Amino acid sequence: MKFFLDTAHIPHLREAAEAGLIDGVTTNPSLLAKESGDPIQTVREIAKIVEGPISAEVVSLDAEGMVREGLELRKIADNIVVKIPMTLEGLKAIRTLSLQNVPTNCTLIFSPMQALMAAKAGASMVSPFVGRLDDIQSPGMELIEQIVDIFTNYAIETEVLVASIRGPMHALEAARMGADIATMPFAVLQSLAKHPLTDAGIESFLRDWEKTKTK
Ligand code: E4P
């Protein structure tokens, strides 16, 4: 499973990319709005830091506008993936862009049939939002299980990108279910590398090592 960072915060992206921890990035209008300066400039900067796919979202609501924006976003760098919301207009835009070999990420997926429709339209990735489903007492990870099953049944190549991840258990379950990608905030990515017994083990090894100096 690939690890993406779900952020537009340059210092976090730089730190994760330098450590070789991430395979790609997802942004959205809200994440870009949290950063200072021009959002397009921020995406441009992200593209200089990360080699893998970088999702940048359109804000038009009609297919024509989405396609126009998507083609503009693609001019930023070759690794830009055009992120398009799951609507009927969005599906039309995905179809048009995929026929031009432009990679797309269909976002705001909350049902398995939405995912199947996006895949049929030609989306390169689908983004089911697990945390937002959990928030309304609907088990987000069940959606991932269903989408992975359906895509496996029909040998669909569209990647399942688990989004709206809130903690390490979402990432663990995504990997167990065979999702292709998990996109997560920086703090969640860091937490995946941690274990209290690792810290305790290092501490006791160092303590014992110190004893060898007094022998
Ligand atoms: C994914 O691409 C979205 O940017 C993101 O995961 C949304 O997460 P949130 O529900 O925590 O805002």
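The values are calculated or read from the model by the stated rules, or taken from the named source; none is laboratory data. Keep in mind the model is a prediction, meaning the values are calculated, not measured. Here the Cβ positions follow ideal geometry from the backbone for every residue, glycine too, while neighbour counts run over all protein chains shown. Just the protein is used for accessible areas: all its heavy atoms, side chains included, with ligands, DNA and RNA removed. Shrake-Rupley method; radii C 1.70, N 1.55, O 1.52, S 1.80 Å.
Residues in the range 173-193 that are assigned to a loop (DSSP other than H, G, I, E, B) and under 23 Å from VAL81 (Cα atoms): GLY178, ALA179, ASP180, PRO185. Looking at the range 5-12, is at least one residue open to solvent by 60 Å² or more (accessible area, probe 1.4 Å), away from the ligand (no atom under 15 Å from the Cβ) and at pLDDT 95 or above? Checked against the condition, which is being open to solvent by 60 Å² or more (accessible area, probe 1.4 Å), away from the ligand (no atom under 15 Å from the Cβ) and at pLDDT 95 or above, the range 5-12 yields at least one hit. Here is the figure for the range 130-172: residues that are outside any helix (DSSP H, G or I) and open to solvent by less than 20 Å² (accessible area, probe 1.4 Å) total 8. Within the range 162-182, the set of residues being within 14 Å of the ligand (Cβ to nearest atom) and more than 10 Å from LYS2 (Cβ to Cβ) comprises VAL162, ALA163, SER164, ILE165, ARG166, GLY167, HIS170, ALA171, ALA174. Do we have any residue at all in the range 84-105 that's in contact (Cβ under 8 Å) with a residue 40 or more places away in the chain and either closer than 26 Å to ALA187 by Cβ or not aliphatic (A, V, I, L, M) (or both)? Checking the range 84-105: at least one residue is in contact (Cβ under 8 Å) with a residue 40 or more places away in the chain and either closer than 26 Å to ALA187 by Cβ or not aliphatic (A, V, I, L, M) (or both).
In this structure, ALA118 does satisfy being in contact with a Cys (Cβ under 7 Å, 6 or more places away or on another chain) and modelled with pLDDT of 95 or more. One residue alone among ILE46, ILE76, ILE22 is closer than 17 Å to PHE3 by Cα, assigned to a loop (DSSP other than H, G, I, E, B) and β-branched (Val, Ile, Thr), and that residue is ILE22.
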